[in-house]
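Working notes, beginning with the structure itself.
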Amino acid sequence: MALDMKGKDIISIHDLSREAIDQILATTEILKMKQKLGELYHPLKGKTMGMIFQKSSTRTRVSFEVGMWQLGGYALFLSANDLQLKRGETIADTARNLSRYLDGVMIRTYSHQDLVDYAEYSTIPVINGLTDLLHPCQVLSDIFTIKEKKQVLEGLKLAYIGDGNNMAHSLMFGTAKTGMHITICSPSGFEPDPEITRLSRLDAAKTGATITIEDDPFQAVQKADIIYTDVWTSMGMEDEQEQRMQSFSRYQVNGALLEKAKEDALVMHCLPAHRGEEITDEVVDGPRSIVFDQAENRLHLQKAIMALVI
Ligand code: CP
Ligand code: NVA
């Protein structure tokens, strides 16, 4: 029987059961097919979703907004700078108010705790559109993309080269929950958060997945089925950019690194790419790159989330 996910928040993959993840993936497949066939499907007719953005976005904003429209509903873009939140209205009062107008809310914030606090006072489902700590919609969508390309998830190895940031954290949860092995390869001082590592290892113990932390990129990509990278300087960390360019210089996904991986290894990036920094043009535009398929699947996966929880 289908799992009832109505009203559920999507804040961290760690909170999702394997059953819920499978249901999101299966729904994504159906919605993607309907969209490709040009079949109209409006389960959210008359529903509205607010999208609060404290940070910039290309993919998340457009894919959620278009996705909501395709499902028959309406999405409102709410810049955090223009809300009374910016002038001191509390997170709790904002959540209480918006819950009276909307049927769901998607939030992109700096502080993960702000999102957790918002969800506590919201009576409508809250979807995490990225925080400094996590980016679950991106990774659920990436898992869908990996399954599309490789047919299976269990037993695959993903090597993540770069910053132990929000992407690394959600990838650790996503792979652990679905039985994929992950190696996080970061320079010293930029390893993933120890608490996220601990929690993802608990998830991994239940599925047979492994979580390895490594600092040598050439070692990390060996036997990898997927090589994943992200920007060296995430949003909000621009002051550290110069120092990060030096610390990460050995952690570039380039042709020499790909030579050490399996011949059929695929390259992924959540985008935006900083070409010439964490990834070279030859790799991001090369035959193994699936970055734009990933970007497209954000639309289908987030439609599944909205259709299930709103
Ligand atoms: N990958 C991703 O979330 O992209 P945006 O920052 O453009 O939304
Ligand atoms: N780690 C990046 C991801 C962008 C989608 C950031 O937070 O800026």
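The values are calculated or read from the model by the stated rules, or taken from the named source; none is laboratory data. Because the structure is predicted, anything quoted here is derived from the model rather than measured. All Cβ positions, even for glycine, are placed from backbone atoms using ideal geometry, and neighbour counts span all protein chains on display.
Could you check, for the stretch 223-239, whether at least one of its residues is away from ligand 1 (no atom under 14 Å from the Cβ) and in contact with a Leu (Cβ under 6 Å, 6 or more places away or on another chain)?
Yes, there is a match, as at least one residue in the stretch 223-239 is away from ligand 1 (no atom under 14 Å from the Cβ) and in contact with a Leu (Cβ under 6 Å, 6 or more places away or on another chain).
Output the number of residues of the stretch 280-297 satisfying the condition of being within 14 Å of ligand 1 (Cβ to nearest atom) and either assigned to a strand (DSSP E or B) or out of contact with any helix residue (DSSP H, G or I) (no Cβ under 7 Å at 6 or more places or on another chain) (or both).
Result for the stretch 280-297: 2.
Which one of T48, T28 is closer than 15 Å to S141 by Cα, among the polar types (S, T, N, Q) and at pLDDT 95 or above? Break it down into steps so the answer makes sense when it comes.
Numbers: T48 fails: closer than 15 Å to S141 by Cα.
One residue alone meets the criteria, T28.
Going by what's in this entry, would L266 be described as of a type outside the set (D, E), more than 12 Å from ligand 1 (Cβ to nearest atom), in contact (Cβ under 8 Å) with a residue 12 or more places away in the chain and under 20 Å from L171 (Cα atoms)?
Working: of a type outside the set (D, E): yes; more than 12 Å from ligand 1 (Cβ to nearest atom): yes; in contact (Cβ under 8 Å) with a residue 12 or more places away in the chain: yes; under 20 Å from L171 (Cα atoms): yes.
Against the criterion (of a type outside the set (D, E), more than 12 Å from ligand 1 (Cβ to nearest atom), in contact (Cβ under 8 Å) with a residue 12 or more places away in the chain and under 20 Å from L171 (Cα atoms)), L266 qualifies.
Looking only at residues in the stretch 106-152 that are β-branched (V, I, T) and within 16 Å of ligand 1 (Cβ to nearest atom), which one is nearest to M167 (Cα to Cα)? Outline the logic, then answer.
First, the residues of the stretch 106-152 that are β-branched (V, I, T): 107, 109, 116, 123-124, 126-127, 131, 139, 143, 145-146, 152.
Add one more test, that the residue is within 16 Å of ligand 1 (Cβ to nearest atom), and what stays is 107, 109, 127, 131, 139, 143, 145-146.
Values: I107: 16, T109: 14, I127: 16, T131: 10, V139: 8, I143: 13, T145: 16, I146: 16 Å.
The qualifying residue nearest to M167 (Cα to Cα) is V139.
Could you grab me the full set of residues in the stretch 266-277 that are closer than 10 Å to Y228 by Cα and either over 19 Å from the mean Cα position of the chain (by Cα) or within 16 Å of ligand 2 (Cβ to nearest atom) (or both)? Give the derivation first.
Let us first name the residues in the stretch 266-277 that are closer than 10 Å to Y228 by Cα, namely 266-270.
Selection gives M268, H269, C270.
Quick check, is F64 assigned to a strand (DSSP E or B), under 26 Å from A273 (Cβ atoms) and either touching a residue at least 12 places away in the same chain (Cβ under 8 Å) or touching a helix residue (DSSP H, G or I) at 6+ places or on another chain (Cβ under 7 Å) (or both)? Let's see the steps before the verdict.
Working: assigned to a strand (DSSP E or B): no; under 26 Å from A273 (Cβ atoms): yes; either touching a residue at least 12 places away in the same chain (Cβ under 8 Å) or touching a helix residue (DSSP H, G or I) at 6+ places or on another chain (Cβ under 7 Å) (or both): yes.
In short, no.
Consider the stretch 39-78. How many of its residues are under 23 Å from the mean Cα position of the chain (by Cα) and within 17 Å of S122 (Cβ to Cβ)?
Qualifying residue count for the region: 11.
Mind telling me which of the residues R250, R244 ends up being among the basic types (K, R) and either surrounded by fewer than 17 Cβ atoms within 10 Å (Cβ to Cβ) or within 16 Å of ligand 1 (Cβ to nearest atom) (or both)? Please lay out each step first, then the result.
On the way: R244 fails: either surrounded by fewer than 17 Cβ atoms within 10 Å (Cβ to Cβ) or within 16 Å of ligand 1 (Cβ to nearest atom) (or both).
After ruling out the rest, the residue left standing is R250.
Within the stretch 159-191, take every residue that is in contact (Cβ under 8 Å) with a residue 60 or more places away in the chain and more than 14 Å from V231 (Cα to Cα) and give me the one that is nearest to ligand 1 (Cβ to nearest atom).
Here is the first cut: in the stretch 159-191, the ones in contact (Cβ under 8 Å) with a residue 60 or more places away in the chain are 159-163, 165-168, 170, 173-174, 177-178, 185-187.
Filter once more, so that each one left must be more than 14 Å from V231 (Cα to Cα): 159, 170, 173-174, 177-178.
Numbers: A159: 19, S170: 11, F173: 16, G174: 14, K177: 20, T178: 20 Å.
Of everything passing the filter in the stretch 159-191, S170 is nearest to ligand 1 (Cβ to nearest atom).
Hey, among K177, K147, which residue is surrounded by fewer than 19 Cβ atoms within 10 Å (Cβ to Cβ) and under 17 Å from the mean Cα position of the chain (by Cα)? Give the derivation first.
On the way: K177 fails: surrounded by fewer than 19 Cβ atoms within 10 Å (Cβ to Cβ).
None of the other options fit; the residue is K147.
Could you tell me how many of the residues in the stretch 137-179 are in contact with a Leu (Cβ under 6 Å, 6 or more places away or on another chain) and within 16 Å of ligand 2 (Cβ to nearest atom)?
Of the residues in that region, 7 qualify.
Step by step: first the residues of the stretch 192-213, then only those that are crowded, with 18+ Cβ neighbours inside 10 Å and not polar (S, T, N, Q), then the one that is nearest to L153 (Cα to Cα). Which residue is that?
A209
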